[in-house]
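Before any comments, here is the structure.
The values are calculated or read from the model by the stated rules, or taken from the named source; none is laboratory data. Model, not experiment: these values are computed from the prediction. With ideal geometry, Cβ positions are generated from the backbone for all residues, glycine too; neighbour counts draw on all protein chains shown.
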């Protein structure tokens, strides 16, 4: 264990997002973690099968758990059918994991516009050129589509408009579990659950 103190229930905040921010900031500050924003996004496909992939978290004060993607992609189609998802963060150098379950809703167009405007030009172009997750004839065809999009917006510079299908999704947590490695596998696990009377219930879980 890398210097992690034993977690005690009495020391944890009543709001799990406060604890999330503390752990996330530590991950951001770690030189050993290349992608602290990386998380496994798990959804349920339209035919009922679980599916997961790594995406990046974008954090905002008003909506702290947001990600952005092509709504036509597999995950976009899954979320259109089942408005629920799970997020998993694992920061190996910190020996910490966070699991989150919640409902999902689209963010505002304003927020999606803001995030798209901050993307590098190359990322904007590929968003226009690629129909994410759909079958394609060949890489050569993808490169042709990329070249066409690049020429179309050649004079736009960085002011490339956001496609309507590129949007944000906000996860509203209903359950959050914090795991920290412990000596002799005596790991610390704490679960926050959102109750019907709109408050967080906190309890310790066995390793």
Quiz prompt | Among (1) in contact with a strand residue (DSSP E or B) (Cβ under 8 Å, 6 or more places away or on another chain); (2) over 21 Å from residue 40 (Cα atoms); (3) modelled with pLDDT under 90 - the single one residue 155 does not satisfy | solution = (1)
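Against the definition (in contact with a strand residue (DSSP E or B) (Cβ under 7 Å, 6 or more places away or on another chain), in contact (Cβ under 8 Å) with a residue 24 or more places away in the chain, surrounded by 14 or more Cβ atoms within 10 Å (Cβ to Cβ) and more than 18 Å from residue 57 (Cα to Cα)), how does residue 167 come out, yes or no? Talk me through it step by step, then tell me what you get.
Working: in contact with a strand residue (DSSP E or B) (Cβ under 7 Å, 6 or more places away or on another chain): yes; in contact (Cβ under 8 Å) with a residue 24 or more places away in the chain: yes; surrounded by 14 or more Cβ atoms within 10 Å (Cβ to Cβ): yes; more than 18 Å from residue 57 (Cα to Cα): no.
No.
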Exercise. Go through the stretch 6-47 and count every residue that is farther than 30 Å from residue 133 by Cβ and free of Cβ contacts under 8 Å to residues at least 60 places away in the same chain.
Key: 10
Quiz item: Pairs, please: C-beta under 6 Å, at least 6 apart or cross-chain, first residue on the phi < 0 side of the Ramachandran plot and in the stretch 136-151, second surrounded by 11 or more Cβ atoms within 10 Å (Cβ to Cβ) and not in a helix (DSSP H, G or I)?
Solution: 142/136
Quiz item: Say we look at the stretch 6-31 and pick out the residues that are over 30 Å from residue 105 (Cβ atoms) and touching a strand residue (DSSP E or B) at 6+ places or on another chain (Cβ under 9 Å); which of these is surrounded by the most Cβ atoms within 10 Å (Cβ to Cβ)?
Solution: 7
Exercise. Looking only at the stretch 61-73, decide whether some residue is touching a strand residue (DSSP E or B) at 6+ places or on another chain (Cβ under 8 Å), closer than 30 Å to residue 13 by Cα, modelled with pLDDT under 95 and surrounded by fewer than 16 Cβ atoms within 10 Å (Cβ to Cβ).
Key: no
Quiz item: Looking at 87, 142, 111, which is the one that is under 22 Å from residue 173 (Cβ atoms) and in a helix (DSSP H, G or I)?
Solution: 111
Exercise. Scan (1) in a strand (DSSP E or B); (2) buried (at least 17 other Cβ atoms within 10 Å of the Cβ) for the single condition residue 52 breaks and write down its number.
Key: (2)
Practice problem: Pull up the stretch 179-198, narrow it to residues that are within 23 Å of residue 15 (Cβ to Cβ) and surrounded by fewer than 11 Cβ atoms within 10 Å (Cβ to Cβ), then point me to the one that is farthest from the chain's Cα centre (by Cα). | Solution: 197
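Run down 176, 115 and say which single residue is under 23 Å from residue 98 (Cα atoms), within 24 Å of the chain's Cα centre (by Cα), surrounded by 11 or more Cβ atoms within 10 Å (Cβ to Cβ) and modelled with pLDDT of 90 or more.
Values: 115 fails: under 23 Å from residue 98 (Cα atoms).
176 is the lone residue from the list that is under 23 Å from residue 98 (Cα atoms), within 24 Å of the chain's Cα centre (by Cα), surrounded by 11 or more Cβ atoms within 10 Å (Cβ to Cβ) and modelled with pLDDT of 90 or more.
I'd like the residue in the stretch 149-159 that is in contact with a helix residue (DSSP H, G or I) (Cβ under 7 Å, 6 or more places away or on another chain) and over 21 Å from residue 56 (Cβ atoms) and, out of all such residues, is surrounded by the fewest Cβ atoms within 10 Å (Cβ to Cβ). Spell out how you get there, then give the answer.
Initial filter on the stretch 149-159 (in contact with a helix residue (DSSP H, G or I) (Cβ under 7 Å, 6 or more places away or on another chain)): 149-150, 153, 158.
Filter again for over 21 Å from residue 56 (Cβ atoms), leaving 149-150, 153.
Values: 149: 18, 150: 15, 153: 17.
Applying the filter and picking the extreme gives 150.
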Self-check item: Set 130, 138: member being surrounded by 14 or more Cβ atoms within 10 Å (Cβ to Cβ) and more than 30 Å from residue 18 (Cβ to Cβ)
Solution: 130
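Quick check on my filter: what residues within the stretch 90-108 are over 13 Å from residue 162 (Cβ atoms) and not in a strand (DSSP E or B)? It would help to see each step written out before you state the result.
Taking the stretch 90-108 first, the residues over 13 Å from residue 162 (Cβ atoms) are 90-106.
Listed by number, the residues that qualify are 92, 93, 94, 95.
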